[in-house]
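The values are calculated or read from the model by the stated rules, or taken from the named source; none is laboratory data. Being a predicted model, the structure only gives us computed values, none of them experimental. Backbone-built Cβ (ideal geometry, glycine too); neighbour counts: all protein chains shown. Remember, those area values only see protein heavy atoms, side chains included, never the ligands or the DNA or RNA. Shrake-Rupley method; radii C 1.70, N 1.55, O 1.52, S 1.80 Å.
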Amino acid sequence: MKEECLICKAPLKYLEVEEGMECAICHRKENSKTRCVKGHYVCNECHTAGIDAIIGICLKEITKNPVAIIEKMMEQPFCHMHGPEHHVMVGSALLTAYKNAGGDIDLQQALVEMMNRGKSVPGGACGFWGACGAGISAGMFVSIISKSTPLASEPFALSHLMTSKALGEIGAVGGPRCCKRDSYLSILAAIDFVMEHLGIVMEKPEIVCSHSAQNNQCIGKRCLFAKGNH
């Protein structure tokens, strides 16, 4: 079944201004611009329930291929076709592959930090902020491995350059949004970026999308990862 509303599967509606919403699952009340056409709203926390499993998944991985890692996450119950879980998944997959490729980081500590940062980027950021959370997640990844802070010099520059590279790839394809496509684009951009700037070589596979049947807004052959484009 194609995913839209997690409650009733009805299409989502994006509003021009925020309205008071009550989460249909936990009944938390907050402002949002997103609900389904039947009125259901699901908060970010409920939408990403179970996402903490990412850390355990990543700590067991030995591959240098971040695409293979994120695709394992995409198979888990906490991952939907679209949603803010991808804002954590992209950076987590990159951190894991980076570590396995020889990167000098404390992976568990880095994953916890990625979880905290990624969860702060809300769903819909791609459309409302002009900055897709998957691309931001790639920037967070570089920020973490380079130990960037607001007062840093080179790490500050590197993390911004990474985010801009990922968002540039996403923007070049255009909309409507696809969290899977944008995650793949961000990861591929990060693989090239890290090899160029940090000398760590992660595996860069060819990607053929297997999620299009679940995406009501799939752009078809315009997507770089569509079957038949390889």
List the pairs whose first member sits in segment 18-29 and is within 18 Å of ALA49 (Cβ to Cβ), whose second member is polar (S, T, N, Q) and at pLDDT below 95, and whose Cβ atoms are under 6 Å apart, counting only residues at least 6 apart or on separate chains?
-> MET21/SER32
If you take the residues of segment 36-45 that are free of Cβ contacts under 8 Å to residues at least 24 places away in the same chain and in contact with a strand residue (DSSP E or B) (Cβ under 7 Å, 6 or more places away or on another chain), which of them is farthest from MET89 (Cα to Cα)?
-> TYR41
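Confirm whether GLY102 is within 11 Å of the chain's Cα centre (by Cα) and either farther than 18 Å from ARG181 by Cα or open to solvent by less than 10 Å² (accessible area, probe 1.4 Å) (or both).
No; evaluated as a whole, the condition is false for this residue.
Just for helices (runs of 4 or more DSSP H) wholly inside segment 110-182: which have at least 3 residues that are in contact (Cβ under 8 Å) with a residue 40 or more places away in the chain and open to solvent by 20 Å² or more (accessible area, probe 1.4 Å)? Lay out the reasoning, then the answer.
Details: elements: 125-128, 133-145, 154-173.
Fully inside segment 110-182 and qualifying: 125-128, 133-145.
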All but one of (1) open to solvent by 60 Å² or more (accessible area, probe 1.4 Å); (2) within 23 Å of the chain's Cα centre (by Cα) hold for GLY20; which doesn't?
-> (2)
Could you grab the pairs with beta carbons closer than 8 Å, sequence gap of 6+ or different chains, first residue in segment 187-211 and within 13 Å of LEU158 (Cα to Cα) and surrounded by fewer than 15 Cβ atoms within 10 Å (Cβ to Cβ), second one among the aromatic types (Phe, Trp, Tyr) and at pLDDT 95 or above?
-> none
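Being among the aliphatic types (A, V, I, L, M) and in contact with a Leu (Cβ under 7 Å, 6 or more places away or on another chain) narrows it down to one residue among VAL121, VAL142, VAL201; which is it? Give the derivation first.
Numbers: VAL121 fails: in contact with a Leu (Cβ under 7 Å, 6 or more places away or on another chain); VAL201 fails: in contact with a Leu (Cβ under 7 Å, 6 or more places away or on another chain).
It is VAL142.
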Flagged pairs (Cβ under 6 angstrom, 6 or more apart or on separate chains; first in segment 90-108, on the phi < 0 side of the Ramachandran plot; second open to solvent by 20 Å² or more (accessible area, probe 1.4 Å) and basic (Lys, Arg)) are ALA97/LYS64; ASN100/LYS64; ALA101/LYS64; ILE105/LYS99; LEU107/LYS99
